[in-house]
Structures are given as structure tokens and as C-alpha cells.
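The values are calculated or read from the model by the stated rules, or taken from the named source; none is laboratory data. Because the structure is a prediction, the values reported are computed rather than measured. Every residue, glycine among them, receives a Cβ derived from its backbone with ideal geometry; neighbour counts consider all protein chains shown.
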């Protein structure tokens, strides 16, 4: 297992923030991961698991070991008359996995097309978009306990999935390295066009297919969201806040164009992008950071930006939204702090 010292992380996070890791390794198998964790050089060192870096904000250098699981196997574990189960390596690119499934007519993840990141991050974030969430298809998650080096497996129910949340962001945060995720997909899929933008995009398409759904969603995302290769960003920077229905309706009374989205009983989801735009941040640039002109949920890091600069800008947005609407918006990105 090869580990690199003083690793430059600028090209390993989509915000393009300059940061260095004391050590970095990309293990390609469970055996490699165990070998790395048992290496005496890293025993007492803090450790960070990094996927594609599409949801990470480095606030500075990382004085520890950055581990990038690069397991890229895909295998069929079970097939029935109606479903197929796939065990997928944590290092598989998420959108390539979606394309792999759509190409074979296996349904369940097509609405999550175009989302950057690796498969290993899907249960951590419970990634979601356009009427679907990762939890809808995840059956099992395999991981290695960092402290004991033991292999473990938990079911979807044990993952405690919530909106952009899971046990891996709570009780198991920083304690695991996900190795494989098992998905259950439909062999005779039901097309999901419940999301308004998708329904509108496919309004003239009779009997849309998985390919149609995937293309429509990629087209929608491309029109709204900037390519990190062209301008550094981490996609949606903030979560959509969930508030009581009565509170949301009061806001809507004076803002009739506001779209509200049902959440759990008695609660409603308000688009964070709308809140940020109403506070005047859409399209604004301050020094080396800013907000995208087409989507207020996307914060941008221009050349020369630092993690601290972007973090301070994000805090300013949070304070402004809180002052105007009495709503707390939480960051979706993971802020990495090194001791």
C-alpha cells in the first residue's frame, strides 16, 4: 500500500481549494485498507475519508492521513423475477454507476443522474434529487471500523436515513471507511416524474423511458448548475430547511410565488436557494468567492480563494437569512478542520 506525504489536495476537491495533507493513500481493496490502518506510522494520526471531494471544504491543511477508497468492483449478488441486487465498490463514480444501470434497464437510481461523487458517499449523505433518494434503493452498507480494523455490515434500516442524513453523519461520523454498497434495483421499473421540473421537461414525451428520465435530469442540472471543471463549486452548498407548515404558510402569504414542498407530517421544506436569493446574494461576488448567477444554492470559489474565505462568506449568508426570515440554513458541505 503506497502512501504519499505532503499531498496537494487542490485537484482532489471540486472547490479547487489549496490544501495539503500530511499523508494520502488510495487503497483499492479491503486488504489495502486494513494494511493502511495497521501501518504503525499512521496509528495515532487523525484520519479523513475523502471521496471525489465534491462535498468537502478544506478550511486549511490537513495534518493527518487522507484516505480515498478506490474500490471499483461491481457484482451481481442476487436476481429475482422483479429485482436485481448489485454490490458496488465505494470508489465507483456515482454517475457512471447510474449510467451503468440505465443502460441495462435497471431502475431506481436514474433520477439521481448527474450527481458528482463516489458510490461510497451515497449512504453517508443519503444523496437525493428530483424525487428520489439513495435510501430508496440501498439495501446494505459494508464498512471497516477505523479503530478496530474490523469489517462490518449494516442494513438500510440500521443506516437511520433522513434528509441528507444517516448514521454515518451522526453516531458513526469519522469512525468508518465504507467499502461496498449493495443496491436493489427494479427489472421492470416504474418511471418517476413526480418532480415538477422533470414532469414539465417530459410533458411532450409519451411513455418516457429510463433513458428519457436520465437525459431530462442531466439537461436540467446542466442548465442550472455550473461545471466544477469550469468554475470551482461543490454543488448545493446548503440544505433546504424544514420548518413547521404554519410558519411556512405565513412566509408564503407575503410571498405567493414561493414553492413549498411537503416533508414529514406537519412540516414543510422551503428552498434554501429562494431564501438566499431573497436576501440579495444571487450572482454576488465578494473578492474570490461568490454565489452563482443561475442558482443561489451554489457557492463559487474563484482562483485564489481560500477555505476560510469561503466559510466566512457562507456564515454571512446564514446570518442574513436568519435575520430576515428567522430560519437557520445548514451547510450541506463537510468542513474539514485539522488539529
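Things to note:
- Output for region 247-295, where each listed residue is touching a strand residue (DSSP E or B) at 6+ places or on another chain (Cβ under 9 Å), under 20 Å from residue 131 (Cα atoms) and surrounded by 12 or more Cβ atoms within 10 Å (Cβ to Cβ): 260, 261, 263, 267, 268, 269, 270, 271, 272, 273, 295
- Between 106, 94, the distinction of being in contact (Cβ under 8 Å) with a residue 60 or more places away in the chain and not assigned by TED's automatic domain parsing to the domain that holds residue 12 belongs to 106 only.
- Residue 229 vs. criteria under 18 Å from the mean Cα position of the chain (by Cα), within 17 Å of residue 116 (Cα to Cα) and modelled with pLDDT under 95: yes
- Every residue from region 27-43 that is outside any helix (DSSP H, G or I) and either touching a residue at least 60 places away in the same chain (Cβ under 8 Å) or touching a helix residue (DSSP H, G or I) at 6+ places or on another chain (Cβ under 8 Å) (or both): 27, 28, 38
Here's the yes/no breakdown for (1) within 16 Å of residue 132 (Cα to Cα); (2) assigned to a loop (DSSP other than H, G, I, E, B); (3) in contact with a strand residue (DSSP E or B) (Cβ under 7 Å, 6 or more places away or on another chain):
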residue: 66; (1), (2), (3): no, no, yes
residue: 70; (1), (2), (3): no, yes, no
residue: 75; (1), (2), (3): no, no, yes
residue: 81; (1), (2), (3): no, yes, no
residue: 84; (1), (2), (3): no, no, yes
residue: 87; (1), (2), (3): no, no, yes
residue: 98; (1), (2), (3): yes, no, no
residue: 111; (1), (2), (3): yes, no, yes
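- Looking only at region 143-166, residues that are assigned to a helix (DSSP H, G or I) and farther than 17 Å from residue 90 by Cα come to 2 in all.
- Every test in (1) more than 18 Å from the chain's Cα centre (by Cα); (2) surrounded by 15 or more Cβ atoms within 10 Å (Cβ to Cβ); (3) over 18 Å from residue 118 (Cβ atoms); (4) in contact (Cβ under 8 Å) with a residue 40 or more places away in the chain is passed by residue 217 save one, and that test is (1).
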